[in-house]
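Let me begin by presenting the structure, written as structure tokens, before commenting on it.
Throughout, read-outs are computed from the coordinates displayed, never taken from laboratory work. Every value quoted in this text rests on a predicted model; they were computed, and no experiment measured them. Neighbour counts are summed over all protein chains in view; Cβ atoms, including those assigned to glycine, are modelled from backbone coordinates with ideal geometry.
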Amino acid sequence: MAKLEKVVHGNFDTILKKIERGIMGGSVSASLEDSSNIRVGDTRCSVRVFERYSYTGGNRVSLNVTLLTTGDDKVYVSAISAGGSKGVFLKINTFGEETFLSKLRELL
């Protein structure tokens, strides 16, 4: 599992669209598995779950991205990737998880 937490500044919708397009365009096997959007007053939260095939790991890797804003230009981003290990009891190979997360890091 790999994790990234960051605060970025800008328009919430613009940042969300950039992440969606960037992740989907970053891999031929990338897919948006599901999404959720919640709004309470000025507070907004969007969750996106992406998945792609990791050639290095020989399996599928997921990336969960959560964006939160309270109405100003600060957007809190929390992202966790998982599923890149082949080990039954130990995590042997996490290259796919790190690679998937690095694409988001580039976008931000």
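Given Cβ point charges of +1 (Lys, Arg) and -1 (Asp, Glu) and nothing else, what value in debye, to the nearest 20, does the dipole of the chain about its Cα centre take?
On the way: 15 positive and 12 negative charges, 43 e Å.
The dipole of the chain has a size of about 200 debye.
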What is the total of Lys pairs in the chain with C-alpha atoms under 26 Å apart, excluding same-chain pairs fewer than 8 positions apart? 18
Scan (i) 1.01; (ii) 0.93; (iii) 0.95 for the value of Rg/Rh (Cα atoms, Kirkwood Rh) calculated from this model and give just the label. (i)
Roughly how tilted is helix 12-25, in degrees to the nearest 10 and between 0 and 90, from the longest Cα axis of the chain? 20
Within the stretch 30-74: backbone nitrogen closer than 16 Å to the ASN11 label point (7 Å, Cα to C-beta): 71-74
Please give the helix 95-107 orientation as an angle from the longest Cα principal axis of the chain, in degrees from 0 to 90, rounded to the nearest 10. 30
Computed [θ] at 222 nm, deg cm²/dmol, the chain (DSSP H ≥ 4; -39,500 (n - 2.57); rounded to nearest 500): -8000 deg cm²/dmol
Per-residue counts of other Cβ atoms within 10 Å, averaged by peptide: what ranking do you get for 32-44, 7-19, highest first? 7-19, 32-44
